[in-house]
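Taken together, the values in this text are just the output of simple stated rules run on the coordinates, not laboratory data. Fair warning: this is a prediction, and the values are worked out from it, not measured in the lab.
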Amino acid sequence: MRLPARSLLLCLSLLALLSHVSSMDYDDDEDDEQISKSSVKNAEAPMGEMQRSISIEGSFSDEQFRALHKNNILRVMLDGGKQQAIARADGSFTIYDVSEGVHSLDVDAPGWIFEQIKIDVHYKRNELKVRASFNGDNVGKPVKYPLTLQPSIRVKYFEEREKFDPTVYLKNPMVVMGIIAALMAFVMPKMVENMDPEEVKKLREEMKKTGGTANALKSAMQGS
């Protein structure tokens, strides 16, 4: 019995459609299986691998320093500003969500320099602990926690004007020569009055040769 050509084509089309639908269902089942395996794997991950964090607390203890910066903003920065906190009116501060590891703490205070502090956040006895030390070397001097921050150096942006000192002028050789010449002009006449006429004559001749009292003093100083 022969089937008509139209019926044969219809049967072949139905078979192709059924095979395509079955392959799509198989792919969906594989995707669902992969998703379920991934969920189970994530569910089985240990709780210890979860991200742990803690808050870093401290304060500025110097009342005089707080009074100077009453109207200024004091920033406490962690790791170069990745996390930061602004000091409250009483000088206290809190940096939230600090992850486990080693961090560096700096203070941004206009006109003051604070020593950098190394913060070591580590997990011990089922809780996070904080260990602080000055970041001067690998070990560092321990710092009590909660932190108590104090400025180490005050920055001077302008040099103070020097006070008037008259002795500075005495270091100038021209000023010294002028003072000596004035003294000689005042003392010389009185000395001449008590000298012999011959000595006075010799002195005047010497002054004419040297060109006066000032030049005589100048040549004497240069010769010495």
_Relative contact order of region 53-154, pairs being alpha-carbon contacts under 8 Å that are 6 or more residues apart, as %_ = 29 percent
*Residue-wise, which Karplus ³J(HN,Hα) couplings in Hz belong to region 69-75, taking 6.51 cos²θ - 1.76 cosθ + 1.60, θ = phi - 60°, and x for glycine or proline?*
10, 4, 9, 10, 9, 9, 10
_Residues with amide H under 5 Å from that of Ser92, placed H, sequence gap 5 or more_ = Phe60
_Amide H contacts of Leu74 (H built 1.01 Å from N, under 5 Å, at least 5 apart or other chain)_ = Ala87
_Rounded to whole Hz, the Karplus (6.51, -1.76, 1.60) HN-Hα couplings of region 163-180, x for glycine and proline_ = 6, 5, 10, x, 5, 5, 5, 6, 7, 8, x, 5, 5, 4, 5, x, 5, 5
